[in-house]
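Heads up: the structure comes next, in structure tokens.
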Amino acid sequence: QVQLVESGGGSVQAGGSLKLSCAASGSISSIKSMGWYRQAPGKQRELVAVVTSGGVTNFADSVKGRVTISRDSAKNTVYLQMNSLKPEDTAVYYCYAHRSSGSIDWGQGTQVTVSS
């Protein structure tokens, strides 16, 4: 199992930036990919960004050009840098780890609120 601890959420005005962090522990070697989902009130959880163990990244169309995902293997941490934030980016952001077994572990979630 992989334990995930998120940090970096908060409240910003539109146009601002936030950087989320997700520190992993436990069965690190079993991780195939890590990334972030988000869930806004009344909406389904949606994928924001993912980075594979090989360094391949993918982003939701809604955040392309505004968001980058990176990882620090030495710290077992994945970062989500979000720029030019919009009110529609307001959501709870969840870090996840997809393991080679097929299992997915989740963080506790961190709130991001963007005001207009």
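The values are calculated or read from the model by the stated rules, or taken from the named source; none is laboratory data. From a predicted model like this one, the values you see are computed outputs, not experimental measurements. In this analysis, Cβ positions are derived from the backbone assuming ideal geometry, glycine residues included, and neighbour counts consider all displayed protein chains. These area figures cover heavy atoms from the full protein model, side chains too; ligands, DNA and RNA do not enter into them. Shrake-Rupley method; radii C 1.70, N 1.55, O 1.52, S 1.80 Å.
For this structure, a couple of remarks:
- For the stretch 24-52, filtered to residues that are among the aliphatic types (A, V, I, L, M) and outside any strand (DSSP E or B), the residue that is least open to solvent (accessible area, probe 1.4 Å) is ALA40.
- GLY109 being open to solvent by less than 50 Å² (accessible area, probe 1.4 Å), in contact (Cβ under 8 Å) with a residue 12 or more places away in the chain, out of contact with any helix residue (DSSP H, G or I) (no Cβ under 7 Å at 6 or more places or on another chain) and not aliphatic (A, V, I, L, M): yes
- Residues in the stretch 75-100 that are open to solvent by 50 Å² or more (accessible area, probe 1.4 Å) and within 16 Å of THR52 (Cβ to Cβ): ASN76, HIS98, SER100.
- From SER62, SER11, SER17, SER70, residue being modelled with pLDDT of 95 or more, touching a helix residue (DSSP H, G or I) at 6+ places or on another chain (Cβ under 9 Å) and surrounded by fewer than 16 Cβ atoms within 10 Å (Cβ to Cβ): SER62
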